[in-house]
Amino acid sequence: MEKHIDTELALQNIERLTGNIETVIKGKRKQIKFVLTALLAKGHILLEDNPGTGKTVMAKTLAQSIAGEHQHRINFKRIQFTPDLLPMDLIGSHIFDDTRKDFIFRKGPLFCNVLLADEINRASPKVQSALLECMAENQITMGETTFRLENFFFTIATQNPVEMEGTYPLPAAQLDRFFMKIIFGYADEDTELEIFKNYMMINENLINIQRVLDMNEILHLQQECEQVFVHDEIYRSVRNIVWSTRKDNQIVLGASTRSGIIFLKCLRAYALVNGRTYVIEDDVNDLAFAVLDHRLIYRNKETRMKVLPGIINDEMNRLTKLKISQ
Amino acid sequence: MKIEKIHRPKILVSQLLLLIIPAIVAGVYMLWFINRYYSVLSDKWVAQTVFLSAGLIIACILYNYRFRFSSTFLPLLLLLFIIWKVINITFTGEFSGFYAAAGFYLFSGLFLAGWLVGFGFARFRYFPVLLSILLLAVQIVVVSKTTDISTQKLVYAFAPVLFFCIYMIYIAEVIRNMNEDDPAIGWFISKKLLGFFLVTSIMLWLIFSSFKKEFNAIEKEYGGSATKKERDQESLTKENKDGSISNRKEMGMAGGRGSTKRLVFIAKLDNYFPGTENPNPLYFTYDYFTKFDTLTQTLETDSLMPSNDLFQPDPSSIPLYFTKEDSSVLVKAKGLLLRKVVTAEVYKSLLSPTEYLAPSTAFFCQPITVEKEYQQQFKSAYRAKMYVSDLNSAYFIYNPAGNQQLEDFQQQRFSQLRKVNSWENEDTQFMRYYTYIPSGDAFDSIRLLAQQIAHDSVFAVDKIIGIRNYFLSKDENGLPLFKYSDNPGIPGLPSASKLNYFLFENHKGYCAYFAGATLFLLRALGLPSRVATGFLTVDRSEKNKAWYWFYEDQAHAWVQVYFPGYGWIDFDTTVPSTEQQQSPAPDGTPPINVQSAYFVANGIVTMVDTLNRRVNMIVKKLIYHDRVFDLREGIRTELDVSLATISKDTGTVQLKDLSTGNEITALSFSETLKDIQLDSSGSQGLLQKIPTPVPIDEIKIIPIKKEHGEKKEILQTKHHLSLTKLLFAGLFLLGLFIIILFAAPWLVFQLYRMKTTLTKNSITKAYWSFSTAFYLLNQLGYNRENSSALQFANNDIDPYFNTSLAAFINVYHKTKYSSIGLTNQEEIFIQTFYFSFEKSVCGKVPRGAYFSKFLNFYTTFNYFIQPKNLRHGEAY
């Protein structure tokens, strides 16, 4: 299975996409990789950071880099979530058509390829759950009819960790649907200087962004991801990490079985993003926190940054020392 | 930058539990050990430990909470100084003042030592190494000062200390690397501890088992006495494995008399008062204590004593009826006036066959047989001859109540000895040796007492009687001033301070105390004297004249004083025990009527025929009808052993146990030999007249054993040997330990490197190359700390060293986690990677730095025990 993957081509495609995004988003290679990982794993992603760190630009650039059918842009929608947003605003609604004397369904912004759900925690739980349902099922049920969403459907939700007043924090069950939560972070000092110097040009780039990858190519990559080889020891370490989160008394709610499966999907995708046909220990190390942290409920905030890293460390120390002879 | 929390309670607790408590235990062990040998400390090791641990714990807590050293230590010193001043003021000049001050010195010293150690533990990373070296050095000194060495004792002395040192170094480092915030800290530590105990016990076991030979060598050179006769402190005699008793070197010096009344030996002593038929009992001497060791504060036997007149053969190594003589002791005994040769026959029951006891001055030993019917009771026997002074007697100083004849003799002897009052013509070295008394307060008071006792005596004998009378004197209440007690309340060997305690305060002791005190009183008066140990002879022989029975509780110590012309004269100043019961009266019959053998042959067995019960032997020495023939070339002869009893050591054995090559002594009491005379002409025809095979009644197999004399020669240099040898052994161990410690990084590296070189399989080779590369980097100070191997290679190593480590790790990961095989290119890369990597890394590191880094075993420790804490959850 592993042998059938064309790593050359995959790497080339991914490089093209990454390179293209990097013309706009500077110094965020790792985050870009994560976003692509989630994309290739057929998952969705939650970006969390302060305003003005480039979350929206990131989503936009990604959407615009991918070409839809007939070299058109793919369908990219952005929704600013607010407390008064209604599910209908997302899904669409039946409206009365005078000419046909009938109700017709007007599709909402959800019917797209890439959806940017800005500040998702500001919308009411009702809206959130409506969104999350279609994220999980890839379909929308409206009355008696079920509408399938696009085959290529990728949600980038963002949320703002400061200014928590008037927000509806996502419940654990819904957070579980996001494959990864990425803390975007500021660019480092040198990169920031570069951004300030060239912001005119970057703006220009954003408008004239190239469509470098075909949607079908993305779908192909998604298929290839499933063929990435996972060694027994990697399976075991995923199992260990998941179990450790459940056993740890500092964690109230541990990782679910679904999160383990998602973790594996992400590992496979991440390996491919890095041009490999097999998962290595560093993949586990890189991804574990981003995949698992937002799913866990901790006993108190102070231990939050210590418990999971401790678990991952133990597993990494085990893997690094491991001598596997085939 | 790492900002550490000021309060680290978990670290503190683990330091207290894992470092300080073991340190206290080690302290208790050392203090207890030292207390056993240094009476100055007066056995208060519990109190001493409390002070030491107080210092340790307080300092550890204080300095873990970041108190400054100077601002705490200086006030402490000031406080101690004030206390010292106060003590000096309150107890001015009194005896108690001295004791209070001495106690204060001791305890403040211990407290400060504990304080400094606690400070070191809390603050300095390398302190445990320093402390280990110090501890080992101290232990070497302590062990070298103690007198008896055996493998077991060496192991007991060194193994705990060595173990503790390794433990300390390891655990200090583990605690240092502990993560205060890790909730699983207890598990982390227990894991490390478990592993440590396993590894160290295996290592120590290996070390000690591989050096057992060395230890045994030391022990052997030390006289070989220590293992066989392990001393137990409270009994005079020691039971051997076979149940027999060996006299201890310190007999009479170490403890109370044996409490049981078992028969040790009996003796027939042909010594009578001049011109009468009244038996004159004599003390049976085993050893002399002549030298006072100021370091251990004890009296010691010293084979280097001037005019060594101690004859110590091993009777079991002499063939039956053959003799061993040492006439040199007669010259060395120096006294020739009123001397005569006396014979004694000693039948041993509990006493070991190797032991030899006789009244001084013995010079002759001849093993003899025990009659068959007595062989159950008496294992072996010998005949001894000694040159005995007429003035000596076990009756000598105590008045046998109501025996006018004895009293008269006593007075005659005293007047005889009053003729001697000048030692001026004696050898100065001899005099100096036997009148040596150390200086110091303790001995000044003894000197003073001696002057008081002897102030109106003119003659030496009267001075001795004065000392005896002092011990017998009554106090103001009319009660005896001194009492005999087997349990004077101060265990162990009587040392100088104990003697002081005995003389001036307690007034209770056993023979060794009286003898020891008398010795110093005599020496203070300038009389050459020594302590003799052996057996007290009690005459209870109404039935069998001149036969004496010796029971365990007759083990004794007394004093000998040298009188020019008369030699060493026994004096006993031990007061009679009020509660002592009479030993049971001798109930057995002595094994008299010893038939003398007509034929005694000593030689080597050449053939044993168990079927016909015949033995062929080559006779080397022959005694026939009391005539001794020394047959150099040997005569082959056949023995008829059908009636013979064969014995070895103390037990009877079967004929099949006799084998070719054994040295035996064959005896015949056969009447057929009674009238056959031998002509001494020509050795070949010597045995022609004797019927062959010779009927033999008894065969004794001589055990293969070293000459006792050789042992003694080694014993002479024992003190030098023990110290240097021990020092060497200790230093050797210490050196080995240090070398292993410092060589460890390099050795581990070589091990890794060897693995890498030798492995051919690409997959395993990749693993070993990876491990070796990271070990090397770690040892050179490039620790990956918070990054994974790949990140570390990418971000730090490759840019700096210009290597391709990251590429290698990628390939390595492929071998580890992928299902597809390697390409040819990758195979070659793995095969060649490590050495090119090592070359470029070592090329960048200066030689000196490389060398010094490889001596740092801490880095190696860290490599194996420090878990990596990778960064997570930060902004990417």
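Laboratory data are not the source of any read-out in this text; all were calculated from the coordinates shown. Small disclaimer: the values here were computed from a predicted structure and weren't measured. Every residue, glycine as well, gets a Cβ built from its backbone with ideal geometry; the counts of neighbours run over all protein chains shown.
Data table
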item	result
Exercise: per-residue mean of other protein chain Cβ atoms within 10 Å, A:284-297	2
Label-point separation, B:Phe69 to B:Lys483 (7 Å along Cα→Cβ), nm	5.5
Rg [Å, one decimal], Dmax [Å, integer] - region B:402-450, C-alpha atoms	16.8, 45
Likely footprinting exposure, A:Glu144, A:Glu22, fewest C-beta neighbours within 10 Å first	A:Glu144, A:Glu22
When the convex hull of its Cα atoms is projected in every direction, mean area for the protein assembly as shown (nm²)	74.0
Number of partner chain Cβ atoms within 10 Å, mean per residue of B:806-817	4
Separation of the A:Trp243 and B:Leu731 label points, Cα + 7 Å toward Cβ, nm	5.7
Residue among B:Leu536, B:Ser209, B:Phe808 farthest towards the positive dipole end of the protein assembly as shown, charges placed on Cβ	B:Phe808
Exposure proxy ranking, count of Cβ atoms within 10 Å, fewest first, for A:Phe111, A:Phe289	A:Phe111, A:Phe289
Least to most buried among A:His70, A:His4 (fewest other Cβ within 10 Å first)	A:His70, A:His4
Counting all C-alpha pairs of region A:241-326, share separated by more than 21 Å (%)	32
Computed FRET value (nearest 0.05) for B:Gln405 with B:Ser577, which takes r as the C-beta separation and R₀ as 30 Å	0.70
For region A:53-208, fraction of C-alpha pairs farther apart than 27 Å, in %	34
Stokes-Einstein translational diffusion, region B:327-463 - Kirkwood Rh over all Cα pairs, 1.002 mPa s, 20 °C, in µm²/s	114
Distance in nm between pseudo-label sites at A:Met164 and A:Leu322 (7 Å out along the Cβ direction from Cα)	3.7
Extension gain from B:Ala744 to B:Val25, taking 0.36 nm per residue of separation minus the Cα-Cα distance	256.0 nm
Calculated over chain A: convex hull of Cα atoms, volume per residue (Å³)	168
Restricting region B:416-451 to chymotrypsin sites (Phe, Trp or Tyr not before Pro) in coil, as DSSP defines it, with at most 15 other Cβ within 10 Å	B:Tyr436
The protein assembly as shown: calculated mean residue ellipticity at 222 nm from DSSP helix runs of at least 4, using -39500 (n - 2.57)	-14000 deg cm²/dmol
Check: the protein assembly as shown dipole with +1 on Lys, Arg Cβ and -1 on Asp, Glu Cβ, in debye	1000
Contour minus Cα-Cα distance for B:Asp293 and B:Asn612 (0.36 nm per residue)	108.7 nm
Cα-based Rg and Dmax for region B:810-876, where Dmax is the largest Cα-Cα distance (Å)	17.3, 44
B:Leu76-B:Phe124 FRET efficiency (beta carbon distance; Förster radius 25 Å; 0.05 resolution)	0.85
Dimensionless Rg ratio for region A:1-45, taking C-alpha atoms and the 2.2 N^0.38 Å reference	1.26
Share of pairwise Cα separations in region A:33-110, more than 18 Å, in percent	61
